[in-house]
Amino acid sequence: MIRRVCLVCVLLLATVAFAQESKGEQQHPKYRLAFVLKQSDHGKVLSTHDFVMSAEANGSSSQIRTGNRVPVDIGSDKGVQYIDVGFNCDARINPVGSNAVGLEIGWELSTMPGTTGAERIIRQVRTRSTPLATFGKSTVVSSVDDINSGQQFELDVTVTPES
């Protein structure tokens, strides 16, 4: 009889502890992602750009698109095709705990530094990564050296839950 009472007490304590732990691991339905894109040359920051998006934790992708659509002549018989030039970012949220999320982020930066004759040159930096971000702390998504210009590009994100 005493064994049964002890067993029931242990099971009740375990259930209460599990319920409190699960409550502490509560996931948020929406998150604010604040991005900072830094462009630098040999360690000297040339420019920073801020982008903010709201993302849901349901597996859907959130996007930022900013820039220009540039017409490019692809041949006399094919006509004109438009190319996006600027900054694009796609993000997906994977909650992993009470104070962090896993992210799937793909971003691309394309620029047109100039033209040579009839050709238009488009420089492009593109990455995909899966960083783990702690709420309220800046996290490096990726850092890339542009082999064409010698400059560096770094994208950071700070994630906070939305209420």
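Surface composition of the range 46-88: carbon and sulfur atoms hold 45% of the protein heavy-atom accessible area at a 1.4 Å probe.
Ordering 128, 32, 123 by how much accessible area each has at a 1.4 Å probe, largest first, what is the list?
Sorted descending by solvent-accessible area, the residues read 128, 32, 123.
In this structure residue 87 has an accessible area near 10 Å², from a 1.4 Å probe over the protein heavy atoms. Binning the C-alpha pair distances of the range 104-163 at 10 Å intervals from 0 yields a P(r) profile of 19, 40, 25, 12, 4, 0 %, listed from the shortest bin outward.
Solvent-accessible surface of protein heavy atoms, probed at 1.4 angstrom with all chains present, puts 49, 28 in the order 49, 28, largest first.
Ordered by 1.4 Å accessible area with all protein chains kept, 46, 109, 103 run largest first as 46, 109, 103.
The values are calculated or read from the model by the stated rules, or taken from the named source; none is laboratory data. As the structure is a prediction and not an experimental result, all values here were calculated from the model. The protein model used for the area step is the full one, side chains on, heavy atoms only, and it has no ligands, DNA or RNA in it. Shrake-Rupley method; radii C 1.70, N 1.55, O 1.52, S 1.80 Å.
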